[in-house]
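Below is one structure; the comments refer to it alone.
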Amino acid sequence: MNQMPGHSSPAANLVGRFLVAAPSMPDERFQKSVVFICKHDEEGALGIIVNNKVDDLPLGQVYKQLGIEVPAPTAETPVLFGGPVETSRGLVLHSADYKRDETLVIEGGMALTASLEILKDMAGGSGPKQAWLALGHSGWSPGQLDREMQDNAWLVVDADSALVFDPDFEAKWQRALDRLGGKGSPGGRFDLASYSHQTGRA
């Protein structure tokens, strides 16, 4: 359904923000996930989960499969599980100091690039200052994300590169939720008990 000009849907303007799985998230693939939204328009939405890694697959192993030499510290970097869509496809979520013709620049100093060249540049030291390689991504068809927002599956939180690139995956979900707290909540933490009473509100 076409939106009227100027009409704001519940999921409008999410590029460059986090979708944080609500405690009531029904899809187990996304429970306690923090998704950075890279693209959102009338064709749907695309995001990368930034707090879930591919088990037993450090970045060095990916480079080895590609035949690229990589320095030891970089080789130990985790690879993100970006989402359940196209899980064999690699996307690099990175700081916007690096740009190629195919790079999608995102609000807030972030960018997304899908090419072998960025991986080669990262291995050679000429890549972006900060980057995650993600296998797979999270995708929504037109209107799907709006419906999930109306069903209170997601909470929208302001994003920043510090949390995107923080390697402490275990703490990210709570830290993202805590950005919704602060007003009268103990220690600025998000109050899950309070949220459960508000799930009927948009």
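All of the numbers you see were taken from the coordinates with simple rules; none came from a lab. All values reported here derive from a predicted model rather than from experimental measurement. Note that we place each Cβ from the backbone using ideal geometry, even for glycine, and neighbour counts take in every protein chain shown.
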Completion exercise
The base-10 log of I(q)/I(0) that the Debye equation returns for the stretch 72-177 at q = 0.15, 0.17, 0.22 Å⁻¹, one scatterer per C-alpha, is -0.73, -0.93, -1.41
Practice task
Rank L104, L66, Q31 by how far each Cα sits towards the positive end of the charge dipole of the stretch 1-153 (+1 on Lys, Arg Cβ; -1 on Asp, Glu Cβ) and give me just the farthest.
Solution key: L66
Handout entry: Filter on K39/K120; K32/K53; K53/K99 - keep pairs with C-alpha separation over 22 Å
Key = K39/K120; K53/K99
Practice task
Only Lys, Arg, Asp and Glu count, each charged at its Cβ (+1, +1, -1, -1), so figure out the dipole size of the stretch 18-180 about its Cα centre, rounded to 20 debye.
Solution key: 280
Problem - Ranking of E117, E148, E170 by count of other Cβ atoms within 10 Å, fewest first - result: E170, E117, E148
Handout entry: Where labels lie 7 Å past Cα in the beta-carbon direction, separation of N13 and F169 in nm
Key = 3.3
Problem - Mean Cβ neighbour count within 10 Å, used as a protection proxy, ranking 16-27, 66-77 highest first - result: 16-27, 66-77
